[in-house]
Every structure is written in structure tokens, then in C-alpha cells.
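Right, one structure below, let's go through it.
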Amino acid sequence: MISQKAKYALRAMFALAEATDDTPLRIADIAEAKAIPRKFLEQILLELKRQGLIVSRRGKMGGYQLLRSADDITFGEVLRVVDGPLAPLPCLSKTAYHRCEDCQDEASCHIRRVFANVAEATRDVLDRTSIAEAIASGQTEAMLDAQ
């Protein structure tokens with residue numbers, strides 16, 4: 001299951017990707033359009049900015065914009081920024097690997113073997129699905145609300 005924070009981050013990314021011109025979106029506008037609590041959104045946008053997914057502009061015409069094309073930003077990338085590794089077990093993480101404390105032998109661990117398949121399938125879908133593809137499918141909000 002993804003966190004509420006991750007859902008909000010994806011919704012914010014959808015809002016930025018759906019912007020029709022080069023005008024940055026204000027936090028208040030994103031919060032209202034995507035039903036995200038403003039204070040929570042501020043924290044999420046700062047994380048996304050620190051990780052190079054979005055950019056902010058100050059001033060009267062300021063706000064937030066995608067730093068890269070929505071075609072080049074995947075669900076997996078956003079989820080890793082907000083929630084951390086996608087792996088269901090620490091021994092399967094590609095970015096934060098560490099051996100499970102109670103593990104005798106990773107090579108013979110039945111649990112690890114099954115969840116390795118789950119992790120690979122999950123990564124495959126999330127790392128191949130861009131923000132733009134989700135918007136084009138017309139299922140963005142429905143997908144997140146079903147979680």
C-alpha cells in the first residue's frame with residue numbers, strides 16, 4: 001500500500017503536468033484543485049524540489065512547475081522520493097539494501113524468493129509508467145482513490 005503522502009505527491013505531479021501553459025502553479029491552486037491539505041503539500045513540494053523533479057519560482061507570478069517532462073517522470077521515481085525504497089523486504093531494496101535481521105541464508109530464503117518476484121513486478125510497472133501516461137489514460141484520480 002502506498003502512503004497518503006505518496007498519493008498527494010502524485011496528485012500534485014498530475015496538477016503540474018496538466019498545466020496548459022508555462023505559468024507556474026501556486027500551492028493554494030494545487031491544494032484546492034487536488035484536495036490536498038496545504039501544509040502537507042508544502043512539505044511534499046519541497047521534497048520533490050530537492051530531488052530535482054520540480055522547480056519553484058518566487059514572486060507575484062511564482063509557483064511550481066515540473067523540471068522535466070511528465071513523460072520522463074515515473075510513478076516509481078515519485079514514490080521513492082516520498083516513501084523511500086519500493087522493496088517489500090530490506091534485503092530486496094536496490095537503493096537501501098540491508099540483510100534481514102532474522103535471516104540465516106538469503107540464497108535459501110523462501111520468503112525472499114517469493115517477494116523478489118513481487119518486487120520485480122512492482123518495479124517494472126511503476127518504473128515504466130510515467131505521469132504523462134497516467135494522465136493520458138484518464139484514470140489518475142480513480143487509481144489513487146482505489147488505494
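Is it fair to say residue 49 is surrounded by fewer than 17 Cβ atoms within 10 Å (Cβ to Cβ) and either assigned to a helix (DSSP H, G or I) or in contact with a Pro (Cβ under 8 Å, 6 or more places away or on another chain) (or both)?
On the way: surrounded by fewer than 17 Cβ atoms within 10 Å (Cβ to Cβ): yes; either assigned to a helix (DSSP H, G or I) or in contact with a Pro (Cβ under 8 Å, 6 or more places away or on another chain) (or both): yes.
Spelling it out, residue 49 is indeed surrounded by fewer than 17 Cβ atoms within 10 Å (Cβ to Cβ) and either assigned to a helix (DSSP H, G or I) or in contact with a Pro (Cβ under 8 Å, 6 or more places away or on another chain) (or both).
So residue 55 fits all but one of (1) in contact (Cβ under 8 Å) with a residue 60 or more places away in the chain; (2) touching a strand residue (DSSP E or B) at 6+ places or on another chain (Cβ under 7 Å); what number is the exception?
(1)
Looking for whichever is buried (at least 16 other Cβ atoms within 10 Å of the Cβ), more than 14 Å from the chain's Cα centre (by Cα) and assigned to a helix (DSSP H, G or I) here; the options are 36, 44, 30. Which one fits? If you could, list the steps in order and put the result at the bottom.
Values: 36 fails: assigned to a helix (DSSP H, G or I); 44 fails: more than 14 Å from the chain's Cα centre (by Cα).
None of the others qualify; the one that does is 30.
Report the residue count in region 22-52 for those that are touching a helix residue (DSSP H, G or I) at 6+ places or on another chain (Cβ under 8 Å) and in contact (Cβ under 8 Å) with a residue 40 or more places away in the chain.
The total comes to 1.
Just to verify a result, which residue in region 1-27, among those that are part of a loop (DSSP other than H, G, I, E, B) and touching a strand residue (DSSP E or B) at 6+ places or on another chain (Cβ under 8 Å), is nearest to residue 45 (Cα to Cα)? Before you say what the answer is, go through the steps one by one.
Our first condition is that a residue be part of a loop (DSSP other than H, G, I, E, B); within region 1-27, this holds for 1-3, 19-24, 26.
Subsequent filtering for residues that are touching a strand residue (DSSP E or B) at 6+ places or on another chain (Cβ under 8 Å) retains 19, 22-24, 26.
Working: 19: 16, 22: 18, 23: 17, 24: 13, 26: 11 Å.
By that ranking, first place goes to 26.
Are there any pairs with C-beta distances below 9 angstrom linking a residue in region 127-140 that is farther than 14 Å from residue 13 by Cα to a residue that is at pLDDT below 95 and not in a loop (DSSP other than H, G, I, E, B), with the two at least 6 apart or on different chains, and if so which?
Final answer for the pair search is 137/143.
Against the conditions (1) outside any helix (DSSP H, G or I); (2) under 19 Å from residue 18 (Cβ atoms), where does residue 77 fall short? Just the number, please.
Among (1) outside any helix (DSSP H, G or I); (2) under 19 Å from residue 18 (Cβ atoms), residue 77 violates only (1).
Among what's in region 71-99 and is modelled with pLDDT of 85 or more and in contact with a Cys (Cβ under 8 Å, 6 or more places away or on another chain), pick the residue that is surrounded by the fewest Cβ atoms within 10 Å (Cβ to Cβ).
For region 71-99, the residue satisfying everything is 97.
The values are calculated or read from the model by the stated rules, or taken from the named source; none is laboratory data. The structure presented is a predicted model; accordingly, all values stated were derived computationally and were not measured. Ideal geometry is used to build each Cβ from the backbone, glycine not excepted, and the neighbour counts take in all protein chains shown.
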